[in-house]
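The values are calculated or read from the model by the stated rules, or taken from the named source; none is laboratory data. Since this is a predicted model, take the numbers as computed values, not measurements. FYI the Cβ positions are ideal-geometry reconstructions off the backbone, even for glycines, and counts take in every protein chain you see. Quick note on the areas: whole protein, heavy atoms, side chains included, nothing else; ligands and nucleic acids left out. Shrake-Rupley method; radii C 1.70, N 1.55, O 1.52, S 1.80 Å.
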Amino acid sequence: MSRQEEERLNAEGILNDNEREEEGVNFIEEIIREDLKNGKNDGRVHTRFPPEPNGYLHIGHAKAICIDFGMAEKYGGLCNLRFDDTNPTKEDTEYVESIKRDIRWLGFDWGDRLYYASDYFDKMYEYAVQLIKKGKAYVCDLSAEEIKEYRGTLTEPGKESPYRNRSVEENLDLFERMKNGEFPEGSKVLRAKIDMASGNINMRDPVLYRIQYATHHRTGDKWCIYPMYDYAHPIEDALEGITHSLCTLEFADHRPLYEWVLDNVDYSKDAKGRPRQIEFARLNLTYTVMSKRKLKTLVEEGYVRGWDDPRMPTISGLRRRGYTPEAIRDFCERIGVARRDSIVDIALLEHCVRDDLNKRAPRAMVVLNPLKVVIKNYPEGQVEWLETENNPEMPEMGVRKIPFSREIYIEREDFMEDPPKKFFRLKPGGEVRLKSAYIIRCEEVVKDPETGEIIELICTYDPESKSGGANAGRKVKGTLHWVDAAHAVPCEVRLYERLFTVPDPDNDEDGRSFTEKINPDSLKVLTGCLAEINLKGAKTEDRFQFLRHGYFCVDPDSTEEILVFNRIVSLKDTWAKMKNKA
């Protein structure tokens, strides 16, 4: 929002409800507490989350969900789930089910309070007839382009429609015939009669109803006229007894129209009270786009593998990637509730995920690029089961057993034949400790005779260097993770990076579209990886910390033969480093 636009909204009293400049103060809670203190709404707090069923929810919606359901929960109130199904051309039951699934996954429940805008279509029509009878609405024959032209600009007033002064009788007749399907789509609309000279363009005779010949996913072909959101929304809130109608800041200059509808529609016999609209800043996240249109482009044009692609900011995508609902809720709590738009660094979201997973994810050893190691002085055919902790941060998670035998695998990058001075991993003649096992020494390097590639290391081990042995305390500078060859579980690992290469992909000042800023290396697929045996049988959404690699989650693409893991986040925490520097 520009400074000029903000000044205009303040001058009109649109933003004054939200003037809370003290740092850390949640202005919505202040309003709710004041209403409760004054006994407003009979001491009730009733909110709603009103998504459109025309796409999948994203991280921005998660913030709204946490606010809508969270405020009701905190103040002993209720929160409805209401689908804004006023545009049948863009809606689908697939989206309805995905939205319900996502909200439940985040940890919220609407109980028996599931509603649809279409539940109120009859009432909305009845109220529209009321407005016509009061001389507050009229049928207009201008085209959409003409309506836009007549509306004027921010600096110039609009012009009245030549159909504005039709009689009540003519408007009632035309509106009923619109409902009966007698006119072509786009030929007529019902408009509110307000003020074509208003400084707020939303008040310049806005459209209330339009003709649409489309089968509705709930009402079928009953209706061929559908209400606009700005008309439907306040009516739905009033009929459901909503006390605090919380929405994002782009609806701030729609609030006068919200109030106009409530002032001019006689809903008193059908409703519990009068709702109040309160706006908060939407979530903008770096390296991310939030526009449903742009997200749909990513899906339909094949830039990603679907709405639940782990690179997508959709809740289903974040879930598939391995984000936890607790981490997302923590993130929403940390960014707080503000009245001014800002951009949040995605590093904070990643920090919240790491912070949560560090406490809950069991550790595991997985080798992404295996290099075979043969320990020549270890007895052939012998297998011993060594003990290692599941999570050093959470001792109560206990320990697990891992097999160790003559042949193991380490990371190829953990060995260098001609290493630099401060290379503390394995090298010819060098020693390292194997995590929760023995110290080994590299004695020989085996290479492919044709390519010269290193294919195997011949090592020896110190039998007294494991826990409880005489040399258990012997110090070496490097510790490596490893996997026993005979018991290794084959897996595929998908390494995800940020989908865009720039912090603000929506910014088109450089002349590039947002799709031209997609990171070509946002996904790297590693095959031939090997995991420790304890991961065998891991189920979809099971999460682990792969030692030295990051946090990973089991993907639904996994099979009995091959486990597929998505990297959730790396171990590197850029947000924590930024905070420490600050």
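Structure notes:
- Per the listing Y120, Y115, Y127, Y209, the residue uniquely among the hydroxyl-bearing types (S, T, Y), buried (at least 20 other Cβ atoms within 10 Å of the Cβ) and within 30 Å of C66 (Cα to Cα) is Y120.
- Which listed residue is open to solvent by 20 Å² or more (accessible area, probe 1.4 Å), touching a helix residue (DSSP H, G or I) at 6+ places or on another chain (Cβ under 9 Å) and more than 30 Å from H58 (Cα to Cα), from R406, R400, R412: R400
- Filter result (free of Cβ contacts under 8 Å to residues at least 24 places away in the same chain and either of a type in the set (G, A, S) or within 10 Å of P234 (Cα to Cα) (or both)) within the range 260-285: S268
- Each residue in the range 318-341 was checked for being within 16 Å of I65 (Cβ to Cβ), open to solvent by less than 10 Å² (accessible area, probe 1.4 Å) and touching a Lys or Arg at 6+ places or on another chain (Cβ under 7 Å), and 0 pass.
- Taking the criterion of being open to solvent by 40 Å² or more (accessible area, probe 1.4 Å), farther than 17 Å from D414 by Cα and either among the small types (G, A, S) or assigned to a strand (DSSP E or B) (or both), the residues of the range 453-471 that qualify are S467, G468, A470.
- Every pair of residues 6+ apart whose Cβ atoms lie under 6 Å, when the first sits in the range 407-433 and is closer than 18 Å to S465 by Cβ while the second is of a type in the set (F, W, Y): I408/W482; I410/W482; L426/F415
- Some residue of the range 509-522 being within 30 Å of M416 (Cβ to Cβ), in contact with an Asp or Glu (Cβ under 8 Å, 6 or more places away or on another chain), touching a residue at least 40 places away in the same chain (Cβ under 8 Å) and not aliphatic (A, V, I, L, M): yes
- Sole exception among (1) closer than 23 Å to I533 by Cα; (2) open to solvent by less than 40 Å² (accessible area, probe 1.4 Å); (3) under 42 Å from the mean Cα position of the chain (by Cα) for F423, by number: (1)
- Contacts under 8 angstrom Cβ, first residue in the range 174-191 being within 17 Å of T89 (Cβ to Cβ), partner in a helix (DSSP H, G or I) and modelled with pLDDT of 95 or more, 6 or more apart: G186/A144; V189/I147
- Top-ranked residue in the range 317-369 [being assigned to a strand (DSSP E or B) and not hydrophobic (A, V, I, L, M, F, W, C); ranked as nearest to the chain's Cα centre (by Cα)]: S342
- Boolean, R151 is of a type in the set (K, R), without any contact (Cβ under 8 Å) to a residue 60 or more places away in the chain and out of contact with any helix residue (DSSP H, G or I) (no Cβ under 8 Å at 6 or more places or on another chain): no
- Pairs with Cβ under 7 Å, 6+ apart, first in the range 354-374 and within 17 Å of G322 (Cα to Cα), second basic (K, R): L357/R543; A361/R543
- Checking A192, A197, A144 one by one, the residue that is modelled with pLDDT of 95 or more, open to solvent by 30 Å² or more (accessible area, probe 1.4 Å) and in contact with a Pro (Cβ under 7 Å, 6 or more places away or on another chain) is A197 and no other.
- Test set (1) part of a helix (DSSP H, G or I); (2) closer than 24 Å to L208 by Cα - K90 fails condition number: (1)
- Whichever residue in the range 40-83 is surrounded by fewer than 19 Cβ atoms within 10 Å (Cβ to Cβ) and in contact with an Asp or Glu (Cβ under 6 Å, 6 or more places away or on another chain) and, among such residues, is nearest to S118 (Cα to Cα): E52
- Considering the range 212-234, the residues that are modelled with pLDDT of 95 or more and under 26 Å from the mean Cα position of the chain (by Cα) include one that is surrounded by the most Cβ atoms within 10 Å (Cβ to Cβ), namely H233.
- Taking the range 522-579 as the range and being at pLDDT below 95 and among the basic types (K, R) as the test, the residues that pass are K572, K577, K579.
- When the range 97-112 is filtered for residues that are part of a helix (DSSP H, G or I) and either surrounded by fewer than 20 Cβ atoms within 10 Å (Cβ to Cβ) or of a type outside the set (V, I, T) (or both), the ones remaining, listed by number, are E97, S98, K100, R101, D102, R104, W105, L106.
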